[in-house]
Structures are given as C-alpha cells and as structure tokens.
1. Can you find a residue that is at pLDDT 70 or above and of a type in the set (Ser, Thr, Tyr) anywhere in segment 67-84?
2. Could you check segment 29-40 and list, in sequence order, the residues that are surrounded by 15 or more Cβ atoms within 10 Å (Cβ to Cβ) and among the polar types (S, T, N, Q)?
Amino acid sequence: MGGGGNGVGEDGRAAGEQLPKLRLDEIQRLFATGMTLQSAQRFVQHPQAAERLGRAVDDLDTTIKIIRSTIFGLRAHETVITGLRVRVVRALEEAVPVLGFPSRPL
C-alpha cells in the first residue's frame, strides 16, 4: 500500500478491476463444490474427518457470502460514484452562463 497514495482507495480500485473477472460461473462452482462435500460427509466414518469436512463446507459457504457481498457492495459504490459524476457535470454545465466559459471536470 505504500507510495503515498490512499491505500483504501487503491485497494478498492484494484478489487473493482479484478472482480469482473470473477464470473458467476466461478461462484456457482464454489457453491457446487460445497454441496458435493456436504453430501459426501454422510459417507465419512471417521469422526475427525467428518468434522474437518464440515468445517471446509462452512468455510466455502462463508467465502461465497463474502464474495457476493463484496461484488454487490462494489456495484452499489460504483453507482454512487457514477451518480455523483453526473451531478457534478450537470452543475458545471448549468454554471456556464454565469461563468462565461465552459468548464471541464478533472
């Protein structure tokens, strides 16, 4: 995160660029893997192995929930940023008659 930039913004931007690559297919594959492991759990006779398998299923479920909420959160954040940009551009356009010259957002 070094380099003097805003680490949180940079991390969010990087995540936002990477998440479109994570398609719904991959999330569904994770979900299917969890379901497969969960159904296989009844065939496991060793109690410790069954417990580990159960924890793995729970971990996959938690991971899927985190990924989904992150994607939806980034989409909502993107909408807010886009909406703000539109409002700024409109405000600048409305200010042209008062300013006497066109203004451009940076």
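The values are calculated or read from the model by the stated rules, or taken from the named source; none is laboratory data. These numbers were taken from a predicted model, which means no experiment stands behind them. Virtual Cβ from ideal backbone geometry, glycine too; neighbours counted across all protein chains shown.
1. For segment 67-84, residues at pLDDT 70 or above and of a type in the set (Ser, Thr, Tyr): present.
2. Across segment 29-40, the qualifying residue is only GLN38.
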